[in-house]
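Working notes for the structure below.
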Amino acid sequence: MRWENLSPDSAHSRADAALFGAEAVVTRTFDTPEFRGITFHEIWARSIVNRVPGASRMPFEWTVNPYRGCTHACVYCFARKTHSYLDLDTGLGFDSQIVVKVNAPELLRRRLASRSWQGEHIAMGTNVDCYQRAEGRYRLMPGILGALRDHANPFSILTKGTLILRDLPLLRQAAEVTDVGVSVSVGFTDATLWRTVEPGTPAPERRLDVVRALTGQGIDCGVLMAPVIPFLSDRPDQLRATVRAVAGAGATSVTPLVLHLRPGAREWFTSWLARHHPHLVARYEQLYAEGAYAPKWYQRRITRQVHELAEEYGIGPTRTGMPRRLRQAEATGPAGATGHPADGPTQLTLL
Ligand code: SF4
């Protein structure tokens with residue numbers, strides 16, 4: 001791993017420290033069933049508020065990501081590639097080697113108090129899930145939310161983690177003084193598919209319970225229906241079941257997003273596909289022949305179907321509760337909502 005070179009006289013130390021923004025690295029394991037097999041790399045980051053690269057079409061400019069790697073272990077995870085920047089494995093390594101920026105709350109508080117900060121919207125959960133299991137132990141989010149609340153700084157969170165409900169009081173306090181938007185990622189409700197493709201995540205029904213709880217408390221909560229997985233979760237009856245469940249949970253919006261397979265995710269997903277659905281490998285090669293994205297006609301078809309279902313179940317069409325920033329993303333169409341900036345340590349993904 002690159003930061004093994006972070007000794008004072010290492011020829012690489014300055015460059016590596018700059019790359020990771022890390023002052024120090026402590027590696028820990030915990031022998032509890034929840035964290036067995038997982039290694040945590042605690043780092044003292046130099047900065048926590050990242051600017052989205054200029055070329056990005058993402059609908060926000062600033063992000064905070066207190067973790068790298070994600071124990072939710074979604075096979076298709078778009079963020080896998082970012083682990084390679086740390087010389088870490090993008091497969092099992094991404095699921096089990098978790099980087100924790102232990103000083104994230106204090107760094108954020110300092111940044112929000114600085115003169116140069118203009119109170120812009122901050123997006124969280126844009127790279128990996130900030131409410132993954134590690135958050136149960138490290139408890140970084142309460143400090144982060146507390147800082148945002150104290151500075152009345154608008155923010156949004158995208159997550160699959162039910163742990164967000166732990167912070168409901170803080171979210172409510174923040175929502176009293178600023179714009180707060182939460183999106184929960186639920187791509188489908190098929191339990192068999194969930195167990196194999198998103199093995200470390202809470203079940204889709206539990207995530208919809210989060211939507212129910214948040215909207216019940218007056219917090220805007222939409223569903224990012226991501227990813228819709230071709231040939232596995234895109235049948236009309238599957239789309240209908242998902243949108244019906246999303247509507248039943250009281251989501252203020254539903255935004256579909258078709259699976260995309262960038263390097264890192266593509267290899268890992270394809271090996272999973274070959275093990276679990278070998279008959280689909282050739283069809284995927286065809287569908288993703290042009291690169292990371294399914295063809296536009298396919299994306300448009302899914303988007304249209306989901307929007308029609310959303311209207312039928314009364315979620316749209318105005319999507320009044322949708323966080324403003326995400327409404328802007330949707331307005332730019334599927335490419336805007338899935339757009340990625342150039343590769344680099346601040347690469348953004350959507351859960
Ligand atoms: S898709 Fe999201 S929840 Fe799943 S592993 Fe990636 S970051 Fe974690």
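The values are calculated or read from the model by the stated rules, or taken from the named source; none is laboratory data. All of these numbers come straight from a predicted model, not from anything done at the bench. With ideal geometry, Cβ positions are generated from the backbone for all residues, glycine too; neighbour counts draw on all protein chains shown. Surface areas here come from the heavy atoms of the whole protein model, side chains and all, with no ligands, DNA or RNA. Shrake-Rupley method; radii C 1.70, N 1.55, O 1.52, S 1.80 Å.
For the range 219-228, give me each residue that is crowded, with 24+ Cβ neighbours inside 10 Å and of a type in the set (Val, Ile, Thr).
Listed by number, the residues that qualify are Val223, Val228.
Of the helices (runs of 4 or more DSSP H) entirely within the range 203-312, those holding at least 2 residues that are among the hydroxyl-bearing types (Ser, Thr, Tyr) occupy 265-276, 296-312. Among what's in the range 71-88 and is of a type in the set (Gly, Ala, Ser) and surrounded by fewer than 24 Cβ atoms within 10 Å (Cβ to Cβ), pick the residue that is farthest from the ligand (Cβ to nearest atom). Ranking the candidates gives Ser84 first. Taken together, the residues in the range 105-129 that are surrounded by fewer than 24 Cβ atoms within 10 Å (Cβ to Cβ) and of a type in the set (Gly, Ala, Ser) amount to 4. Residue check: is Val99 in a loop (DSSP other than H, G, I, E, B), open to solvent by less than 20 Å² (accessible area, probe 1.4 Å) and within 14 Å of the ligand (Cβ to nearest atom)? Judged against the criteria, Val99 is not a match.
On the basis of being over 14 Å from the mean Cα position of the chain (by Cα) and either away from the ligand (no atom under 12 Å from the Cβ) or open to solvent by less than 40 Å² (accessible area, probe 1.4 Å) (or both), does Arg68 make the cut? So Arg68 does not fit the description; no.
Only residues that are open to solvent by 60 Å² or more (accessible area, probe 1.4 Å) and either in contact (Cβ under 8 Å) with a residue 60 or more places away in the chain or within 11 Å of the ligand (Cβ to nearest atom) (or both) were counted across the range 175-218, and they come to 2. Does Thr255 meet the test of being within 16 Å of the ligand (Cβ to nearest atom), in contact (Cβ under 8 Å) with a residue 60 or more places away in the chain, more than 23 Å from Asp95 (Cα to Cα) and out of contact with any Pro (no Cβ under 9 Å at 6 or more places or on another chain)? So Thr255 passes the test.
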